[in-house]
């Protein structure tokens, strides 16, 4: 079976944009044991789009097209698909009604260009789009299937998951079974030295290690669930508490889950991470039950006023010090009346470093029912990476404490 | 003129490998004013390669193929090209002699599989490869040109520069100049209805519209700086204050810059965005000079205690109300002693919505020297998208006020 993905967008033909949609689709199809045969990028305008659709219909059993369903004049996938198939575009009033409803909800009139999105290829099934105005389209043409998906990544994923995936699951083949183990607290090489003798020697299993700031993921694949679980079990044993979850698990969601299970509450106090820790926690649906709130005390006055940090301490030890971190954590906990207080202070860079206190230096403190613990870290990388690694370690301190392993 | 790049390699169809060869070729062709029309990735094996070559010959005036010229059995580009063209492969002894010479120089006998590399498509011109054993091939077929290049990046570049570039320079057109205009505050279709008559009608200019949550970018390209600036000027005029910057400009950096220019300071109070606004502001290096700090008042008690919001107001109007947003903004401003206070309260979802106050409802308030203004929005999308759009609009309220246009 030939499967083709076509990404539509002139910007994707430049060198500045990564075609993340096609990578996402590749990954999901791969999970179904449906490997992609060809991946194409073509511009919105000019003769390339229709020609590519025509050729894809000739070549591939299943073609997934991403992009070009927007309301604007450079969104021509609808027209090109109709033309490649030799079909008409038909106006569907129920789509227009749904688009108008979206705008009404936001208290705005529907702009005229959005009308275009109510036209679909004759005979297409409509794939509802919960995230935007452009519905997807599933078109059968003889023994070929052509699927049109909106281009914005959140809309594409949403339509793919709700409308395409269910239709594909019947085609899934016994492919490799896969799993992911997510870890934090070990660098890639620390992790590597713990597991290097476990790399599979035969082709019936594959192990790949993927590092990102503050996280190392292990991707496992095997020809059977038994072989997969055997390898996964050994890896988990070696990595111990560093393993915090599986595929798609975010550390913040794990922490919110542990807090909920324990019936405990949390408050944060952030200097160098500037709100990222609170942002990550509040990304988790339902976090309001355990996260009472946080302070972004960027200036020293805010640390004194809102967290009760002793100005003399800041004077003598500095705002970036273990003592300040401890006082911030205790202050946030006392102030919010939470069970836990988690605080960070450091130098995210690029400026502000000294030989004594270099860029990347971060103190993290956790205040809880049994007192305050603190850690000192020096992270490398740019400002955003230092912020990310800091928030990751802070979450992990709390995770390990809640698990009772630290 | 249609130009296609085909990258050959099953590994490039996975998500782990980046097709750097095609990006390199895109860049070099772009410099010559020869924009790529289509980019394709296809595996080494199976029917996809020959079909893609056949379709490329049908579609493109010039096709550059990278990879599949190696000595091993999975290197099949030679065979596939010959077959797609309906030509034979011919053995060229002088290529074999040159390959043997390379091995002799390294004091090694030539492995038998390398013989395969001495076969070329009938009628092809040989493109010498100074870096490896596989020569490139330039094939003319009617008014089509098909160029085969080796896959290893250093070999591909070497053959491209010595053998392909000189042949292309005759085709070169004055290179395109490019610019980007970034806007916020208008939806894609609102923007569209303002500019739809400005879409260039000739090929000397290209306009592409790209939307992401809370932002719409315009990508412009033209054959001359004068034509580019002419189009850019008209677009900027139509979009007015919605334009906040150019390529790579983030709204938070623009706002921090405006605050710095004005010598003003800012404090934030966030409920539904949960720290994202503060996080974005503190992503900007040097933001500590203007951002004093923020409150993430997730619970009502925090809103009362830290921001001085009247509990009776929360009782009567609710925590998600214009009145609460106004009180939060004023509270943050007074508390931090800043010139501006920016506050958000809303329902990020997925839970917590009612028919009165649906998911996505967000109130944003800005307190400043001349009083407090507030806006009501209903954003659509998932939790992270609602958070992003809310923080974007909050930043934009401040930007517009600092520019004196709102």
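Structure data summary
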{"read-out": "Qualifying residue in segment B:305-315 (condition: within 30 Å of residue A:11 (Cβ to Cβ) and at pLDDT 95 or above)", "value": "no"}
{"read-out": "Among (1) closer than 18 Å to residue A:387 by Cβ; (2) at the interface with another protein chain (Cβ under 10 Å from one of its Cβ atoms), the one test that residue A:291 misses", "value": "(1)"}
{"read-out": "Evaluation of residue B:70 against (1) under 22 Å from residue B:162 (Cα atoms); (2) at pLDDT 95 or above; (3) assigned to a loop (DSSP other than H, G, I, E, B) (one fails), failing number", "value": "(2)"}
{"read-out": "So residue A:51, is it at the interface with another protein chain (Cβ under 7 Å from one of its Cβ atoms), over 21 Å from residue A:179 (Cβ atoms) and in a helix (DSSP H, G or I)", "value": "yes"}
{"read-out": "Enumeration of residues in segment B:197-218 that are without any contact (Cβ under 8 Å) to a residue 60 or more places away in the chain, out of contact with any strand residue (DSSP E or B) (no Cβ under 9 Å at 6 or more places or on another chain) and more than 7 Å from chain A (Cβ to nearest Cβ)", "value": "B:197, B:201, B:202, B:203"}
{"read-out": "Residue A:324 being more than 13 Å from chain B (Cβ to nearest Cβ) and either over 18 Å from residue B:288 (Cα atoms) or touching a helix residue (DSSP H, G or I) at 6+ places or on another chain (Cβ under 9 Å) (or both)", "value": "yes"}
{"read-out": "Residues located in segment B:161-177, provided they are under 30 Å from residue B:209 (Cα atoms), surrounded by fewer than 17 Cβ atoms within 10 Å (Cβ to Cβ) and in contact (Cβ under 8 Å) with a residue 60 or more places away in the chain", "value": "B:171, B:172, B:173, B:174, B:175"}
{"read-out": "From the options A:345, A:282, A:297, A:273, residue that is in contact with a strand residue (DSSP E or B) (Cβ under 8 Å, 6 or more places away or on another chain), in contact (Cβ under 8 Å) with a residue 60 or more places away in the chain, buried (at least 24 other Cβ atoms within 10 Å of the Cβ) and at the interface with chain B (Cβ under 8 Å from one of its Cβ atoms)", "value": "A:273"}
{"read-out": "Subset tally (residues that are closer than 24 Å to residue B:49 by Cα and either touching a helix residue (DSSP H, G or I) at 6+ places or on another chain (Cβ under 6 Å) or surrounded by 24 or more Cβ atoms within 10 Å (Cβ to Cβ) (or both)) for segment A:61-72", "value": "4"}
{"read-out": "Selection status of residue B:315, more than 11 Å from every other protein chain (Cβ to nearest Cβ), touching a residue at least 12 places away in the same chain (Cβ under 8 Å) and over 20 Å from residue B:252 (Cβ atoms)", "value": "no"}
{"read-out": "Unique match (being over 32 Å from the mean Cα position of the chain (by Cα) and either over 15 Å from residue A:79 (Cα atoms) or buried (at least 18 other Cβ atoms within 10 Å of the Cβ) (or both)) among A:109, A:113", "value": "A:109"}
{"read-out": "Residue that is in contact with a strand residue (DSSP E or B) (Cβ under 7 Å, 6 or more places away or on another chain), more than 8 Å from chain B (Cβ to nearest Cβ), modelled with pLDDT under 95 and surrounded by fewer than 24 Cβ atoms within 10 Å (Cβ to Cβ), where the choices are A:31, A:11", "value": "A:31"}
{"read-out": "Test: residue in segment A:180-193 that is surrounded by fewer than 20 Cβ atoms within 10 Å (Cβ to Cβ) and within 14 Å of chain B (Cβ to nearest Cβ)", "value": "yes"}
{"read-out": "Segment B:348-379: number of residues that are modelled with pLDDT of 95 or more and under 18 Å from residue B:300 (Cβ atoms)", "value": "4"}
{"read-out": "Residue within segment B:366-378 that is over 30 Å from residue A:98 (Cβ atoms) and either facing chain A (nearest Cβ under 10 Å) or free of Cβ contacts under 8 Å to residues at least 12 places away in the same chain (or both) present", "value": "yes"}
{"read-out": "Single unsatisfied condition, residue A:16 versus (1) outside any helix (DSSP H, G or I); (2) more than 7 Å from every other protein chain (Cβ to nearest Cβ); (3) within 20 Å of residue A:155 (Cα to Cα)", "value": "(3)"}
{"read-out": "Of all residues making up segment B:188-211, the number that are farther than 24 Å from residue A:132 by Cα and touching a helix residue (DSSP H, G or I) at 6+ places or on another chain (Cβ under 9 Å)", "value": "5"}
{"read-out": "Residue within segment A:73-85 that is within 10 Å of chain B (Cβ to nearest Cβ), buried (at least 21 other Cβ atoms within 10 Å of the Cβ) and part of a loop (DSSP other than H, G, I, E, B) present", "value": "yes"}
{"read-out": "Members of segment A:114-133 found to be under 17 Å from residue A:151 (Cα atoms) and at the interface with chain B (Cβ under 10 Å from one of its Cβ atoms), listed by number", "value": "A:114, A:116, A:117, A:130, A:131, A:132, A:133"}
{"read-out": "Which numbered condition residue B:331 misses (of (1) within 14 Å of another protein chain (Cβ to nearest Cβ); (2) at pLDDT 95 or above; (3) under 34 Å from the mean Cα position of the chain (by Cα))", "value": "(3)"}
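Rundown of residues vs (1) modelled with pLDDT under 95; (2) under 22 Å from the mean Cα position of the chain (by Cα); (3) assigned to a loop (DSSP other than H, G, I, E, B), yes/no style:
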| residue | (1), (2), (3) |
| --- | --- |
| B:173 | yes, no, yes |
| B:178 | yes, yes, no |
| B:181 | no, yes, no |
| B:203 | yes, no, yes |
| B:207 | yes, yes, no |
| B:218 | yes, yes, no |
| B:228 | yes, yes, no |
| B:257 | no, no, no |
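The values are calculated or read from the model by the stated rules, or taken from the named source; none is laboratory data. All values derive from a computational prediction rather than experimental measurement. Methodologically, a virtual Cβ is constructed for each residue, glycine included, from the backbone with ideal geometry; neighbour enumeration extends over all protein chains shown.
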